[in-house]
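Contents: one structure, followed by commentary.
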Amino acid sequence: MSSLQRTMLKSKLPPTIPGGRIGRADSFKKSRIRDYKPCMWNEFFAEKEDVIVDGQRKFRVYRTKKPEKPGPVLLLLHGGGYSALTWAHFCSEVTSMIHCQCLCVDLRGHGDSKVDDEDDLSADTLSKDIGDLVAKLYPEEVPQIYVVGHSMGGAIAVHFAHMALVPSLIGITVIDVVEGTAMEALASMQSFLRSRPKYFQSIPNAIEWCIRSGQVRNVDSAKVSMPGQIINCTTNQLATNDLPLPDEVLEEAHHTSMFPNAFSISEDEEVGNPGEDGAESTDFKKPITTKAATDAAKNYTWRIDLAKSEKYWVGWFSGLSDKFLNLRLPKQLLLASIDGLDRTLTVGQMQGRFQMQVLARCGHAVHEDRPHEVAEVISGYLIRNRFAEAAGEFRCHMPSC
């Protein structure tokens, strides 16, 4: 191409952006950055209460508003390391589908509950805690209660039902916990716990880790559930007590990711040499390693050290399948994978002794990853058993498996 042709073509091009940088890369990167601003509990629940069972035990509970028509109380038990806030989005969904009230509890050693012996996490102790809490909440007449438990909470729900501590219990749903697979997973549980970071620089950083590690795949759910799993290292209070966060804290957290290489760098994001197209070498910042970032600011840590509860793990899951099948209650099992069934439950499912539903495209925290679908399945089950009435335009569908 001749010099004259280049000059003519250049004169027809639009003017360049001041500074010589094209904004496509920056705008593309910003469009991929997620918002990890934590959410408050009152966006999902009508009230919270610290229930004093006796001089040694105080439990934090969250409740949705009472239904317009009579309906059951859904007693929701979280998994190990989680808190009652793990059910936040599920509660919003299920109360819009059926007439019911949700009662979410921070179990012993978790969340904002305070007991004298937080290390005693045996199945019997946790089950008795729930029974005593229900009796304290409803001293005159206990309403119909349907218990739902996830992971460790599912195992405790089965023990709780098996001990017949509440005579008005009408049914049970267990989410992603099976005796066979749980017992096999115990061998690698300590390795998994060691792989988690011990500290977080901020609450948004903890939420970011929760999503990027795959613990929860729904960022909206992680925003409300993750603050209930960590405590402030200075005040030793649950991170939910630090909310809402000041704007300057959110702004700082936005620029201090635990994952310095959170995005792959495309070619058009590279900065040119000094003097070329007006780019300056000062635009480049050396990323901080994850270890350096966590050592620099150990502001938050886990609410509970799950590794210390190892001596109770076998007791949670041993004999769980037989106890579940022998319950004289309507029973439902929700799984993230069809491969999760052990031999005992496989035989029981073929005999029609419980309803099973598999929800694909989700992780272990099924109710957080897909709260709408879990709410649909449980609402449909309650309607078919005539435990609850549909609210609004919700239609009950038959299970697919």
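The values are calculated or read from the model by the stated rules, or taken from the named source; none is laboratory data. All values derive from a computational prediction rather than experimental measurement. In this analysis, Cβ positions are derived from the backbone assuming ideal geometry, glycine residues included, and neighbour counts consider all displayed protein chains. Protein only, heavy atoms only, side chains kept; ligands, DNA and RNA dropped before computing areas. Shrake-Rupley method; radii C 1.70, N 1.55, O 1.52, S 1.80 Å.
Tabulated values for the structure
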read-out: Sites ARG194 and LYS69, calculated FRET efficiency, Cβ-Cβ separation with R0 60 Å, nearest 0.05; value: 0.75
read-out: Sparsely packed chymotrypsin sites (Phe, Trp or Tyr not before Pro) within the range 162-265, loop by DSSP, other Cβ within 10 Å at most 15; value: PHE263
read-out: Length released on extending from SER96 to THR125, taking residue separation times 0.36 nm less the Cα-Cα span; value: 7.1 nm
read-out: Inter-probe distance in nm under a simple model that places probes 7 Å from Cα toward Cβ, at ARG361 and ASN326; value: 4.1
read-out: The range 298-387 - percent of accessible surface contributed by carbon and sulfur, probe 1.4 Å; value: 47
read-out: Residue-count net charge about GLU389 - beta-carbon cut-off 15 Å; Lys, Arg +1, Asp, Glu -1; value: +3
read-out: Surrounding net charge for LYS223, when Lys and Arg each add one and Asp and Glu each subtract one, Cβ distance under 12 Å; value: -3
read-out: Approximate spin-label separation SER168-VAL314, in nm, with each point projected 7 Å along Cα-to-Cβ; value: 3.9
read-out: Cβ-placed point charges (K, R +1; D, E -1), dipole of the range 65-222 about Cα centre in debye, nearest 20; value: 480
read-out: Distance in nm between pseudo-label sites at GLN351 and ALA307 (7 Å out along the Cβ direction from Cα); value: 4.2
read-out: Å² per residue, accessible surface of the range 313-385 at 1.4 Å; value: 42
read-out: Length gained when the stretch ASN232-ARG384 is fully extended (0.36 nm per residue, less Cα-Cα span); value: 50.2 nm
read-out: Pairwise FRET efficiency - GLU118 versus LYS37, Cβ, R0 = 30 Å, nearest 0.05; value: 0.50
read-out: Counted charge near SER188, where neighbours are those whose Cβ lies closer than 14 Å (Asp, Glu -1; Lys, Arg +1); value: 0
read-out: Positive dipole terminus of the range 85-212, leading residue within MET163, VAL105, LEU186 (C-beta point charges); value: LEU186
read-out: Accessible-area composition of the range 72-137, carbon plus sulfur, in percent [1.4 Å probe]; value: 38
read-out: Estimated FRET transfer efficiency when R0 is 30 angstrom, pair GLU141-GLN56 (beta carbons, to 0.05); value: 0.70
